[in-house]
Each structure stands twice: as C-alpha cells, then as structure tokens.
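K.L.:
Questions regarding the structure given below will be posed in turn.
The values are calculated or read from the model by the stated rules, or taken from the named source; none is laboratory data. As the structure is a prediction and not an experimental result, all values here were calculated from the model. Positions of Cβ are generated from backbone atoms using ideal geometry, with glycine treated the same way; all protein chains shown enter the neighbour counts. Remember, those area values only see protein heavy atoms, side chains included, never the ligands or the DNA or RNA. Shrake-Rupley method; radii C 1.70, N 1.55, O 1.52, S 1.80 Å.
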Amino acid sequence: MTSDHRIGPPSFGSERDMLRAFLDYHRATLAMKCEGLTDEELRHRSMAPSTLTLLGLVRHMAEVERAWFRRVFEDNDVPLVWSDKTDFQAAYDADASTRDEAFDAWEAEVENSRCIEREADSLDLAGYQPRWGEEVSLRMVMVHVLLEYGRHNGHADLLREGLDGTVGA
C-alpha cells in the first residue's frame, strides 16, 4: 500500500452523515488494500481449498452494492454484474478477471449507490428486496452494506498480509 488517503469518519454528526462516512471509509479501505498489486497478485488465492482473492472481494462488493441499492431501489430485476442467475458466488471467481474489469464495475456500482442514497429524502425510504420478498428501509440497506464491507475488509487484511507482509489499516 502506498499511503493512506482515506478520510476518517467524523466523531459527531447525524445518523445519515455517519452511515455515509463509514461506508465511504470502508470502500476506501478495500481499494487501499489492493493498491500497488498486479493483476496476478490480486488473483492470488488465500490458501487451498479456498478460492478467496482480493480481486474476488472487489467483484463481490460490486455485487453487494448492486443487490442492496440498485435492485432494491431502482430495478428489482436487474441482473447481477457477473451472474444472470443471482449466483453471488460467481463474483468470487476472479481467475480471468483484471483490476480494470473488477474496479470499473465496483466503482460504477458505488457511484450508483451514492446517487440513490443522496437522492433519498429519508433513511426511512422503503425499497423492495426481491430475495426476501419484503420491503426494507434505506437505513437497513446502509447498515447491511457497511457490515459486508467490515467483514470483507477483514478478509482483505489477511489476503494482503499473505501476499507481501503488508499490515495495518
């Protein structure tokens, strides 16, 4: 990792400002964990039999952003990025993927998610989660996606350390 360009979340603020800031902080953390690595290094698997890779995590988070923002609040039937059968595991298969492919998709989904959140009048905005068959609030979606990033950034920490010994935020 070259340097830490993340903007830390504020110590005080509204609920919405806090959720937004923590999400962006975790998004930046995932990107930082991938900095300075080649496509081959980004595709390096953690350990047998796992197929987990940093590039697979980026692809998975593109799916998470799409599934929880776009599918819930814009188009319940939009296919996932890497699967037209709603197979979330397909994103983890990064064997033929590149940094450009994965990051272009992820960054596009992040920007779409930010637009949806910014345009919503309230965290109480209801959207429809097709996998659950029920309505969910924007607040719930933001918390869920934040938890996904927290979990997967822990994986990214271990993957990066295993690659080149780099540890830290």
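K.L.:
Could you tell me which numbered condition E40 fails, if it satisfies all but one of (1) closer than 23 Å to H144 by Cα; (2) modelled with pLDDT of 90 or more; (3) part of a helix (DSSP H, G or I)?
P.N.:
All conditions are met except number (1).
K.L.:
Search the range 8-56 for residues being of a type in the set (A, V, I, L, M) and open to solvent by 50 Å² or more (accessible area, probe 1.4 Å), and hand back the single one that is farthest from the chain's Cα centre (by Cα).
P.N.:
Step one: list which residues in the range 8-56 are of a type in the set (A, V, I, L, M), which gives 18-19, 21, 23, 28, 30-32, 37, 42, 47-48, 52, 54-55.
Imposing the further condition that a residue be open to solvent by 50 Å² or more (accessible area, probe 1.4 Å) reduces the set to 47-48.
Values: M47: 22, A48: 24 Å.
The selected residue is A48.
K.L.:
Then there's this: Name the residues in the range 124-143 that are under 19 Å from N112 (Cβ atoms) and either without any contact (Cβ under 8 Å) to a residue 40 or more places away in the chain or of a type in the set (S, T, Y) (or both), would you? Show your work before the answer.
P.N.:
First, pick out the residues of the range 124-143 that are under 19 Å from N112 (Cβ atoms): 125-131, 136-143.
Hits for the range 124-143 are A126, Y128, S137, M140.
K.L.:
Do we find that D121 is surrounded by fewer than 22 Cβ atoms within 10 Å (Cβ to Cβ), at pLDDT below 95, in a loop (DSSP other than H, G, I, E, B) and of a type in the set (D, E, K, R) in this structure?
P.N.:
Working: surrounded by fewer than 22 Cβ atoms within 10 Å (Cβ to Cβ): yes; at pLDDT below 95: no; in a loop (DSSP other than H, G, I, E, B): yes; of a type in the set (D, E, K, R): yes.
Taking the combined requirement at face value, the residue does not satisfy it.
K.L.:
Another question, if that's okay. Which of the numbered conditions does R70 fail, given that it passes all the others? Conditions: (1) open to solvent by 10 Å² or more (accessible area, probe 1.4 Å); (2) touching a residue at least 24 places away in the same chain (Cβ under 8 Å); (3) outside any helix (DSSP H, G or I).
P.N.:
(3)
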